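Data first, discussion second: the structure below is written as structure tokens.
The values are calculated or read from the model by the stated rules, or taken from the named source; none is laboratory data. Everything quoted here is computed from the prediction, not taken from an experiment. Here the Cβ positions follow ideal geometry from the backbone for every residue, glycine too, while neighbour counts run over all protein chains shown. Accessible surface is based on the protein model in full, side chains and every heavy atom, while ligands, DNA and RNA are left aside. Shrake-Rupley method; radii C 1.70, N 1.55, O 1.52, S 1.80 Å.
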Amino acid sequence: MSTRLANGGRRIDRTRPVEFRFNGKRLKGFEGDTLASALLANDQMMMGRSFKYHRPRGVVASGSEEPNALFNMGEGGKFEPNQRATTTELFDGLSVTSQNHWPSLEFDVGVLNNYAARFLPAGFYYKTFMFPRPAWKHVFEPFIRQSAGLGRAPDKETLDADTYEHFYFFADVVVVGGGVAGLQAAKTAALSGAKVLIMEQDPHWGGRAMVDGEPEEGFVQRLVGELEGMDNVTMRRRMMGAGVYDHGYLLGYERLRDHAPMLAGPRHRLWRIRAGQIITATGAIERPLSFAGNDIPGVMLAGAVRDYIAEYGVSPGDRVAVVTNNDDAYRTAIAVKKAGLEVPVIVDARAGGGGELAREARGMGIRVENGKAIAKVTGGKRVKSVKLCAQAGEGAVLEEVACDAVAMSGGWSPVVHLWSHCGGKLVWDEAEAMFRPDESRPPLNQNGAGFVRCAGAANGALDLGAGLADADAAGKGAAEAAGFKARGDTLPDLAQDDALPIEPVWMMPQGAGPKLRMKAWLDYQNDVKVSDVQLAAREGYESVEHTKRYTTLGMATDQGKLSNINGLAILSDTLGQAIPQTGTTTFRPPYTPISMASIAGEARGEIFQPVRRTPMHAWHEANGAHWEPVGHWRRPYCYLKGEETPHEAVSREIRATRASLGLLDASTLGKLIVKGPDAGKFLDMLYTNMMSTLKPGRCRYGLMCSENGFLSDDGVVVRLDEDSFLCHTTTGGAERIHGHMEEWLQTEWWDWQVHVVNATEQWAQVGVVGPNSRKVLEKLGGDVDISKDGLSFMGYTSGKLGEFDARIFRIAFAGELSYEVAVPASQGRALWDALWDAGEEFGVTPYGTEAMHVMRAEKGFIMIGDETDGTVIPQDLGLHWAISKKKEDYIGKRAQERTFMQSSDRWQLVGLETVDGSVIPDGAYAVAEGENANGQRNVQGRVTSTYYSPTLDRGIAMGLVHKGPERMGEVIDFPGTDGTIYKAKIVDAVFYDPEGEKQNV
Amino acid sequence: MLILECPCCGVTGEETEFHGGGEAHLKRFGPGSADTDFENYLFMRENPKGVHLERWRHVNGCGKWFHVARCTVTLEIFGSYSAQTLEPPQEIKDAISAKRPGWSWRDFS
């Protein structure tokens, strides 16, 4: 059984017990425990079930590489799935449940998959679920959804109760990893005066040296003290280097109070760091060995076993068998023995056995078997014994050794993730059987120089003395590359380990047959076995990237930290090629999963995206505005009165406006000032119409196209004076069109004297619309002349309207007598209030965007985004009158000369009038005779705008119909999604006041 | 997250301050031009593995367009220069030549 030892445990404080809940059970641990160590101390070796076969799984590792021990953590707004027990620090009240089982961890129905495993081989999704097609929807998908998946998805209605933040940081040298290599590299770099940041994902400094021995007594404590005393050094624990990106950009993920939820402040902080140089001192990860039953709870990495003993005073078992292909695992045997527990056997796959450490183990009376292997581990929910065989053979069992834990070591792989994220290349080190960074091919910065270097074990320097020297050199090199004068530090004098070399063991035993290979796990989390990778290779998956996706090897939340090297070695072996020829899959950030909320940072709720408000916003809000988002603006869709529906409100607003007087807040319209001696010439290029001939004091409706000929924006252009134009754009188009103008001015016609300013927010604008609009403006008084002749249709004047500094445009989007009045934004609300008061006697009615849309549709006016979708040219919309024939050039003119745009064989704008007066559904298509290649009805047009017109008391619509204008009077069919076929007659698009008498009064 | 220098305001900033605008030094073909010329101008783009000349705008800064000479493989920046020019200035060409001898891009080398 696993239990708490009487002594030891550097990290725990035995005077401070902590209570937590696991699957509803109350358990005890100590402050300083991780969830994993506390569960082990309570003899809870089995921690979850596997993804595919629902096999019982226990903890394998002690750090962030852990694949098995994942838990649902917390409740309600604090719930989070897939939390690793090995990196979860224990706190009072912690509550977790195990994942991926039903009905319980101990008894699980899904384990039936385990017995059907031979019917679920690699790629079984692709093979099994192809035919018959309907079975996917009704049988396979529901089955897979029920049985697959790790943690539970958080409830979609529950909001995360915590807060998160982003933090920007700049440093000359950033060191990722706070083991002895990282600390030494940081110190050497900092001695040069460079600004240094060092981060460690663990709560403790020192890394593996705290378990396996420091360079000298108190080394880590001394180094940490020295660094803390330097003003140019920033130190952060519980912070992971998540990813390295172009030109020295680095993401740091700091977990501020996962370990102490009672503290105030943000939970996670995402550090967005710009580093001159990056040193990755990220250490190495131990590899599992591939023998049958290597996933049974109790089989653990050798390094993890001694971590639990030394750091937490926890023993994974009373009798720990050790299996290895290298000297390092002997340290575990020695630690287990020193803790007073039994090591029944050390199984060393190397025929020649180990070096100095092996001698020490033998000296302690531990039995060592060289050239041997584990044929099989027995046990279900817990290891019972190991069956030994010869490593060179096929697995004939020589003897069975009883034990309740197995410590395995297949060698160590440097953590090269951060080096590789941004393009650093790797070399295969034959002697050490590992990929390590190729320092001649680092990731490059903007100057073409390397900006990442690795230090210590991460660089392949597994020996402590060599690692320290490597780290010192990395610190010096990084500081110099960042522009500082650096020199090396004085290092402790260390003798080199006299370890015997590792011998790669990718399969155990070497000649393991199919039965053993089917129980030898590579990827614990995704349940990928040796036999799966071999099958993929036999089926032709030669590329490691393809094999990964076919077998799902390395695709789980641990991204194959334990499995990738073993998997690609098996693949290489099966393909009969060298490991470097197979290569690795791509390392991508983040190193371990980071919370989505930390990526969002503060951008949530109200400040997710700032809302733009007009000066009249508060009035709308107080008067029943039913809001509609338009770009970043909020505009009233309509104003609700009493119990009426939005539809009723829109009809009321239209009737009132057409009968007497309506007010529209038009402040959101884009307002660009184009000024300069060449302004007219410039606008002639931007608009399809001629703008240079516009007289000061006059307005003209204009169209803008892209260089590809398609309609992009429209609006009224006003000539303010000889040199200045005011270009109105659509609400959503102001910034885009401003950018469009700047682009052409700066990059094509840079010698033209034109200046553009976006004055959208400097002006508030009110549409004063309806037969009584002139009367209400005249009531306000002032010195402006807005009489019929004083300000004719499409005229502009400015001056005092009452007390306001007004620009008045007589333009009519609703087809009534109407004016748009613009005043400085600061006067906007006062103008609105004045119009409201003055309009009372006329029954003034504010109207929203929907009434505006319906009224313009009644007049047959187009709307950018309704009648246009980026594939429509002005000619399609019958807007030939707005295209100058005199101009030699405008943006889009050449494109419109192309034959298919000149052709009449296009969908063109017409009005549509339903035969029975009903409203055609939005987005409906007009069907034609016959079917297309997919067996769908052919189409001959579509609706672009469709409304109920209260003015005409019937449905009206506009649409693009194949050769529409030639087919007036024809009735075509628009099938709705409700099964109804809407029959509509093709008519002229102007439904209301075709002669324009209403606006010319 | 590239680091670029705006030649107009002199600011060295990171990519979030800027916005890419595609290939530089396009020659506009207007009304009356041949179909192939217009097609090349509007649609055909260089896609080099190596030296590339491209347009950027300092959109969250001074607002100016400029050109950047960059390696699409290593993301190395050779230099940035004014957008108001028909070809890269000699010092930019020299900077590219120093790192990528024998380079060529469209008609430039």
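Numbers below:
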item: Total residues in segment B:13-31, condition among the hydrophobic types (A, V, I, L, M, F, W, C) and farther than 17 Å from B:Leu86 by Cβ; result: 1
item: Matching residues, segment A:884-907, being within 12 Å of another protein chain (Cβ to nearest Cβ), basic (Lys, Arg), part of a loop (DSSP other than H, G, I, E, B) and touching a helix residue (DSSP H, G or I) at 6+ places or on another chain (Cβ under 7 Å); result: A:Lys887
item: Segment A:859-883, subset charged (D, E, K, R) and either assigned to a helix (DSSP H, G or I) or closer than 23 Å to A:Glu995 by Cβ (or both), residue farthest from the chain's Cα centre (by Cα); result: A:Lys859
item: Candidates A:Arg362, A:Arg436, filtered to the one that is among the basic types (Lys, Arg), out of contact with any helix residue (DSSP H, G or I) (no Cβ under 9 Å at 6 or more places or on another chain) and modelled with pLDDT of 95 or more; result: A:Arg362
item: Complete set of residues in segment A:747-765 that are open to solvent by less than 30 Å² (accessible area, probe 1.4 Å) and under 17 Å from A:Ala806 (Cβ atoms); result: A:Ala759, A:Ala764, A:Gln765
item: Residues of segment A:772-813 satisfying the condition of being under 18 Å from A:Phe842 (Cα atoms) and open to solvent by less than 50 Å² (accessible area, probe 1.4 Å); result: A:Asn772, A:Ser773, A:Arg774, A:Val776, A:Leu777, A:Leu780, A:Gly781
item: Single residue of A:Gly193, A:Gly179 found to be on the phi > 0 side of the Ramachandran plot and either open to solvent by 10 Å² or more (accessible area, probe 1.4 Å) or more than 32 Å from the chain's Cα centre (by Cα) (or both); result: A:Gly193
item: Count of segment A:598-617 residues which are under 23 Å from A:Asp837 (Cβ atoms) and open to solvent by 60 Å² or more (accessible area, probe 1.4 Å); result: 1
item: Residues of segment A:30-49 that turn out to be buried (at least 24 other Cβ atoms within 10 Å of the Cβ), under 16 Å from A:Ile309 (Cβ atoms) and not charged (D, E, K, R), as a count; result: 8
item: Residue match in segment A:53-72 (condition: assigned to a strand (DSSP E or B), surrounded by fewer than 24 Cβ atoms within 10 Å (Cβ to Cβ) and at pLDDT below 95); result: yes
item: Candidates A:Val401, A:Val406 - the one that is under 46 Å from the mean Cα position of the chain (by Cα), assigned to a strand (DSSP E or B) and of a type outside the set (Lys, Arg); result: A:Val406
item: Residues (more than 9 Å from chain A (Cβ to nearest Cβ), small (Gly, Ala, Ser), more than 21 Å from B:Trp103 (Cα to Cα) and open to solvent by less than 40 Å² (accessible area, probe 1.4 Å)) located in segment B:53-87; result: none
item: Any hit, segment A:285-292, residues being open to solvent by 10 Å² or more (accessible area, probe 1.4 Å) and over 20 Å from A:Ala185 (Cβ atoms); result: no
item: Failed item, numbered, when A:Ser595 is tested on (1) buried (at least 16 other Cβ atoms within 10 Å of the Cβ); (2) among the small types (Gly, Ala, Ser); (3) over 30 Å from A:His546 (Cα atoms); result: (3)
item: Single unsatisfied condition, A:Thr582 versus (1) surrounded by fewer than 18 Cβ atoms within 10 Å (Cβ to Cβ); (2) at pLDDT below 95; result: (1)
item: Selection count, segment B:16-26, where residues are open to solvent by 60 Å² or more (accessible area, probe 1.4 Å) and either over 13 Å from the mean Cα position of the chain (by Cα) or more than 10 Å from every other protein chain (Cβ to nearest Cβ) (or both); result: 1
item: Check on B:Arg45, surrounded by 15 or more Cβ atoms within 10 Å (Cβ to Cβ) and more than 9 Å from every other protein chain (Cβ to nearest Cβ); result: no
item: Any chance A:Ala895 is in contact (Cβ under 8 Å) with a residue 24 or more places away in the chain and in the same structural domain as A:Asp684 (by TED's automatic domain parsing); result: no
item: Segments classed as strands (runs of 3 or more DSSP E), wholly inside segment A:908-984, with at least 3 members that are open to solvent by 40 Å² or more (accessible area, probe 1.4 Å) and either on the phi < 0 side of the Ramachandran plot or not assigned by TED's automatic domain parsing to the domain that holds A:His853 (or both); result: A:925-931, A:937-949, A:971-975
item: Some residue of segment B:27-41 being within 23 Å of B:Trp105 (Cα to Cα), under 17 Å from the mean Cα position of the chain (by Cα) and either open to solvent by 60 Å² or more (accessible area, probe 1.4 Å) or more than 9 Å from chain A (Cβ to nearest Cβ) (or both); result: yes
item: Residue list for segment A:612-640, filter: at pLDDT 95 or above, in a loop (DSSP other than H, G, I, E, B) and farther than 13 Å from A:Gly848 by Cβ; result: A:Arg613, A:Pro615
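Condition check ((1) surrounded by fewer than 17 Cβ atoms within 10 Å (Cβ to Cβ); (2) more than 14 Å from every other protein chain (Cβ to nearest Cβ); (3) at pLDDT 95 or above; (4) within 25 Å of the chain's Cα centre (by Cα)) across all residues:
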{"residue": "A:Val233", "(1), (2), (3), (4)": "no, yes, yes, no"}
{"residue": "A:Gly241", "(1), (2), (3), (4)": "no, yes, yes, yes"}
{"residue": "A:Glu254", "(1), (2), (3), (4)": "no, yes, yes, yes"}
{"residue": "A:Arg267", "(1), (2), (3), (4)": "no, yes, yes, yes"}
{"residue": "A:Arg274", "(1), (2), (3), (4)": "yes, no, yes, yes"}
{"residue": "A:Thr282", "(1), (2), (3), (4)": "no, yes, yes, yes"}
